[in-house]
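Working notes for the structure below.
The values are calculated or read from the model by the stated rules, or taken from the named source; none is laboratory data. A quick note: this is a predicted structure, and the numbers were derived from the prediction, not measured. Methodologically, a virtual Cβ is constructed for each residue, glycine included, from the backbone with ideal geometry; neighbour enumeration extends over all protein chains shown. When the accessible area is computed, the model is the full protein with side chains, heavy atoms only, and any ligands, DNA or RNA have been set aside. Shrake-Rupley method; radii C 1.70, N 1.55, O 1.52, S 1.80 Å.
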Amino acid sequence: MGGFCSQPQRSAKHVVIVGGGLGGKSMAGLADTAFAVTLVEKRGAMIYKIGMPRGLVDTSFATDCLVPYDKLMPNGGTVRTGVAVTRVDGSASKVHLDNGSDLSYDYLILAVGARSHSPCEPPPNACDETSTAGIIEYFKKVCEEIKTASRVVLVGGGPVGVELAGEIRQAFGAEKSITVCHSGPAPCHNQQGIDTPAAFQKKLLDACKAQNIDLKLNVKADLSTPAVQEQLAQKGYATGDLPITLSDGEVIQADMVISCIGATPGGQTLEGVTLDGKGAIKVNEHLQVEGFDAGNVFAIGDCTNTQELRLSGTAAGKYKMGMMGATGNADVVFDNIKAIEKGKKPSAKIVQPPKTAMMIVPVGTHDKKMGAVVAPVPNMRHGTLMGFKQKDYFLKIQRDIMNAPLSAKK
Ligand SMILES: Cc1cc2nc3c(=O)[nH]c(=O)nc-3n(C[C@H](O)[C@H](O)[C@H](O)COP(=O)(O)OP(=O)(O)OC[C@H]3O[C@@H](n4cnc5c(N)ncnc54)[C@H](O)[C@@H]3O)c2cc1C
């Protein structure tokens with residue numbers, strides 16, 4: 001007799017997922033319920049990027065932001081860390097790995113993200129990313145440099161720049177001079193072309209003022225001097241005696257400059273995949289990658305050319321991650337693979353372009369007034385969201401989802 005809650009029948013079809021960030025790990029969790037899965041991740045562990053503004057000032061927190069995959073797939077899925085996919089061969093249904101081996105797939109999902117130009121992710125070759133120890137060494141070094149610097153200039157007043165400024169102030173006290181240079185009229189004034197509400201911008205302005213963070217608005221910082229440019233490319237930050245010229249003519253003196261703008265799409269390192277002019281993987285509304293006629297190659301999250309918001313919920317979706325419980329890319333792809341398996345056409349679609357901005361931006365750790373939220377939930381829940389983010393950037397929730405809880409003392 002069948003059990004009260006019988007398991008759906010599992011398929012022997014092999015789903016290969018490339019990239020174990022927030023999208024890839026959610027895709028893996030979903031696919032593991034129905035298919036044989038292999039997740040390939042070039043790093044030694046997942047870097048929980050959302051928490052890294054705090055991780056850059058607290059190495060113990062950075063260490064916690066490196067989440068192991070061991071128990072991610074309880075139904076037998078395999079994870080291969082420390083190895084990168086270099087090429088997709090659609091005609092042979094194989095991916096090639098940088099260790100010389102290859103993997104066959106029935107379905108392939110590219111979840112290679114976009115590498116932030118901030119030190120929240122180590123730049124290529126800045127450390128041995130294949131081991132967690134190598135990544136921790138990198139974050140430790142960044143933290144020491146921030147601690148030592150007395151004049152820190154952050155370039156980019158989006159969420160990463162503003163959150164990092166707040167964390168630096170909280171961690172290292174009032175003595176440090178902290179400047180944020182931003183090309184817009186207010187911090188976080190815009191998210192992918194959508195203006196944020198004036199009240200949200202005002203809250204962030206007030207929070208920065210209260211924390212003595214010097215905001216230089218409507219300016220661009222010239223980072224093209226060789227000393228700065230080379231270091232930013234190599235390390236994600238620059239140190240030394242660094243005069244930084246702003247577009248309004250002002251020159252500010254820094255001894256550490258941190259880039260908080262831009263990201264390089266992960267598809268640029270993959271051969272055999274069609275990219276748009278910005279290096280993003282070209283997908284249709286079902287998230288199938290252009291150029292693979294069999295329709296069994298998908299891409300999700302920050303590596304795609306969709307017009308969606310570049311957020312964790314977009315990539316990961318409902319699988320215990322979508323902060324707002326919204327359908328995300330992983331859900332769309334899972335539904336489409338199941339449809340194909342039933343002999344149907346893929347019908348699940350992404351919804352784009354987005355209508356509202358969505359951000360939870362703390363400026364410091366303790367006071368809920370130090371920060372601002374714009375999200376399609378009632379205002380009364382904004383305070384709850386801010387409290388969660390200030391506490392630990394949702395890290396505990398994320399680690400629990402990945403079956404990698406923090407030790408009880410934390
Ligand atoms: C500092 C920072 C703070 C953020 N804060 C927030 C926030 O508060 N809220 C929010 O919703 N979003 C936030 N985001 C955005 C969010 O992190 C991304 O939208 C989300 O991580 C996208 O998920 P993804 O799976 O598409 O890509 P990623 O999370 O970038 O994962 C891509 C993975 O693919 C791996 N990879 C790349 N190429 C290969 C290859 N060839 N072979 C094998 N593996 C490969 C990478 O190592 C990486 O692990 C933040 C981003 C940053 C940088």
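The residues of the chain expose on average 44 square angstrom of accessible surface per residue, using a 1.4 Å probe on protein heavy atoms. For the range 110-241, the spread of Cα positions along the three principal axes, ordered from largest to smallest, is 43, 42, 29 Å. By the rule of a C-alpha distance below 25 Å, with chain neighbours fewer than 8 residues away ignored, the lysines paired with LYS349 are LYS13, LYS25, LYS278, LYS282, LYS318, LYS320, LYS338. Using the Cβ-Cβ distance between ASP248 and GLN192 with R0 = 45 Å, the FRET efficiency computed as 1/(1 + (r/R0)^6) comes to roughly 0.95.
Shape analysis of the range 333-374 based on the Cα gyration tensor places the equivalent ellipsoid semi-axes at 41, 13, 5 Å, largest first. For LYS342, a cut-off of 19 angstrom between C-alpha atoms picks up these aspartates and glutamates, skipping any fewer than 8 places away in its own chain: ASP32, ASP106, ASP293, ASP331. Taking every DSSP beta bridge with both residues inside the chain, roughly what % is antiparallel (nearest 5)? In the chain, approximately 50 percent of DSSP beta bridges are antiparallel ones.
Please give the helix 22-31 orientation as an angle from the longest Cα principal axis of the chain, in degrees from 0 to 90, rounded to the nearest 10. Once rounded, one gets 20 degrees. Working from label points 7 Å from Cα in the Cα-to-Cβ sense, the THR148 to SER224 distance is 3.0 nm. Bridgeable aspartates and glutamates around LYS220 (alpha carbons under 12 Å apart, same-chain partners fewer than 8 residues away excluded): ASP248, GLU250.
Once neighbouring chains are kept in place and the probe is 1.4 Å, which whole percent of the accessible area of the range 187-294 is contributed by carbon and sulfur? Here it works out to 49 percent. With contributions of -39500 (n - 2.57) from each DSSP H run of at least four residues, the per-residue ellipticity at 222 nm computed over the chain stands at -8000 deg cm²/dmol. Taking the DSSP beta bridges in the range 128-222 as the whole, what percent of them are antiparallel, to the nearest 5? Bridges in the range 128-222 are about 20 percent antiparallel. For the pair HIS366 and THR78, what calculated FRET efficiency results from E = 1/(1 + (r/R0)^6), where r is the Cβ-Cβ distance and R0 = 51 Å, to the nearest 0.05? Efficiency for this residue pair is about 0.75.
Sequence-distant contacts, meaning Cα pairs under 8 Å at least 6 residues apart, place the relative contact order of the range 129-261 at 28 percent. What the phi angles of the range 179-190 give under the Karplus curve with 6.51, -1.76 and 1.60, with θ = phi - 60°, is a coupling list of 10, 10, 9, 9, 7, x, x, 7, x, 6, 6, 7 Hz, glycine and proline written as x. For the options THR245, THR384, THR274, a Gaussian network treatment of the chain with springs between C-alpha atoms closer than 10 Å singles out THR384 as fluctuating the most. The angle separating the long axis of helix 132-148 from the principal Cα axis of greatest extent in the chain is about 10 degrees. When only Cα pairs below 8 angstrom with a gap of at least 6 residues are kept, the range 35-83 shows a relative contact order of 57 percent.
Cα-based radius of gyration for the chain, normalised by 2.2 N^0.38 Å, reads 0.99. Beyond 25 Å between alpha-carbons counts as too far, so tell me which of LYS140/LYS203; LYS176/LYS209; LYS147/LYS389; LYS141/LYS176; LYS49/LYS141 fall in that bin. Listed pairs above 25 Å: LYS140/LYS203. For the range 174-287, the convex hull spanned by the alpha carbon atoms encloses 158 Å³ per residue.
Once both labels are positioned 7 Å from their Cα atoms along Cα-to-Cβ, the gap between GLU271 and LYS140 label points is 3.7 nm. Quick one: with all protein chains in place, what share of the accessible area of the range 34-156 is carbon or sulfur, to the nearest percent (1.4 Å probe)? For the range 34-156, the apolar C and S fraction of the accessible surface comes to 47 percent. For the chain, the longest principal axis of the C-alpha atoms and the axis of helix 379-392 are separated by about 90°. When the chain is treated as a GNM with alpha-carbon contacts under 10 Å, the residue of PHE334, PHE200, PHE172 showing the greatest mean-square fluctuation is PHE172.
The mean sequence distance of close C-alpha pairs (under 8 Å, at least 6 residues apart), as a share of the length of the chain, puts its relative contact order at 17 percent.
Multiplying the residue separation of GLU175 and ILE397 by 0.36 nm and removing their Cα-Cα distance gives an extension gain of 76.5 nm. When the alpha-carbon atoms of the range 105-152 are used, the pair Rg, Dmax equals 14.9, 54 angstrom. With R₀ fixed at 30 Å, the C-beta to C-beta distance from SER101 to THR356 puts the FRET efficiency at about 0.10. About its Cα centre, the dipole of the chain is roughly 1300 debye, where the only charges are +1 on Lys and Arg Cβ and -1 on Asp and Glu Cβ. Rounded to the nearest 5, what % of DSSP beta bridges with both residues in the range 169-277 are antiparallel? Approximately 70 percent, going by the DSSP bridge assignments.
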